[in-house]
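Q: One structure, as structure tokens, below. Some questions next.
The values are calculated or read from the model by the stated rules, or taken from the named source; none is laboratory data. Note that the structure is a prediction, hence the values are computed from the model and not measured. In this analysis, Cβ positions are derived from the backbone assuming ideal geometry, glycine residues included, and neighbour counts consider all displayed protein chains.
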Amino acid sequence: MMLRAIFVNGIGVGLLLGAFIFLITPHAAPQTVDVTGLNIQMQHLQTKLTAVTAHAAQLQQELLVTKNELTARMKIKQNQPNGLAQAVTTTKTAVKVTINSGMTVDQVGALLQQQGVIGAASMFTRLAKNEPFIHAGHYRFYKNENIPEIIVALTATP
């Protein structure tokens with residue numbers, strides 16, 4: 001029993017001695033982080049983000065104007081009775097297509113392919129997938145028509 005008490009006392013003394021050595025040993029000071037530089041970088045990035053967002057909005061507006069101009073030009077060309085328009089009209093078969101509200105881009109592509117307006121619904125889907133919306137309505141297209149022109153017609157504001 002005595003041996004056990006000496007052993008326990010030895011452990012206690014050892015722990016105390018270890019704690020004392022730990023306390024008197026010099027330790028490295030905690031590192032400080034300079035947040036001023038980070039705040040300046042964050043403000044700079046926020047300023048850049050605001051400028052890029054404004055530029056993106058401007059480009060989107062210019063794209064919408066260009067799309068509307070192209071749509072207007074297409075309508076004018078289709079309504080002009082010149083020789084070129086008549087030749088195109090006589091050689092191409094007109095197809096009436098109804099796009100219902102809520103149709104997905106895939107469904108519209110499949111419908112256009114089924115009615116012979118386009119050759120590949122997958123190509124239409126790939127080109128039109130980034131369009132914000134396709135307007136429902138009744139359209140007149142021609143068999144094997146140009147897909148970008150179809151997309152312009154379907155996405156132009158009525």
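Q: Can you tell me which residue in segment 101-152 is farthest from the chain's Cα centre (by Cα), limited to those that are of a type in the set (Gly, Ala, Ser) and closer than 25 Å to GLN60 by Cα?
A: GLY137
Q: Which condition number in (1) part of a helix (DSSP H, G or I); (2) under 30 Å from PRO132 (Cβ atoms); (3) at pLDDT 85 or above is the one that GLN43 fails?
A: (2)
Q: Return the residues of segment 108-138 that are surrounded by 16 or more Cβ atoms within 10 Å (Cβ to Cβ), more than 16 Å from LYS67 (Cβ to Cβ) and in contact (Cβ under 8 Å) with a residue 12 or more places away in the chain; say none if nothing qualifies.
A: Selection gives VAL108, GLY109, LEU111, LEU112, VAL117, ILE118, ALA121, PHE124, THR125.
Q: In segment 87-158, which helices (runs of 4 or more DSSP H) lie fully inside it and hold 3 or more residues that are of a type in the set (A, V, I, L, M, F, W, C) and either at pLDDT below 90 or touching a Gly at 6+ places or on another chain (Cβ under 8 Å) (or both)?
A: Of the helices (runs of 4 or more DSSP H) lying wholly inside segment 87-158, those with at least 3 residues that are of a type in the set (A, V, I, L, M, F, W, C) and either at pLDDT below 90 or touching a Gly at 6+ places or on another chain (Cβ under 8 Å) (or both) span 121-128, 147-155.
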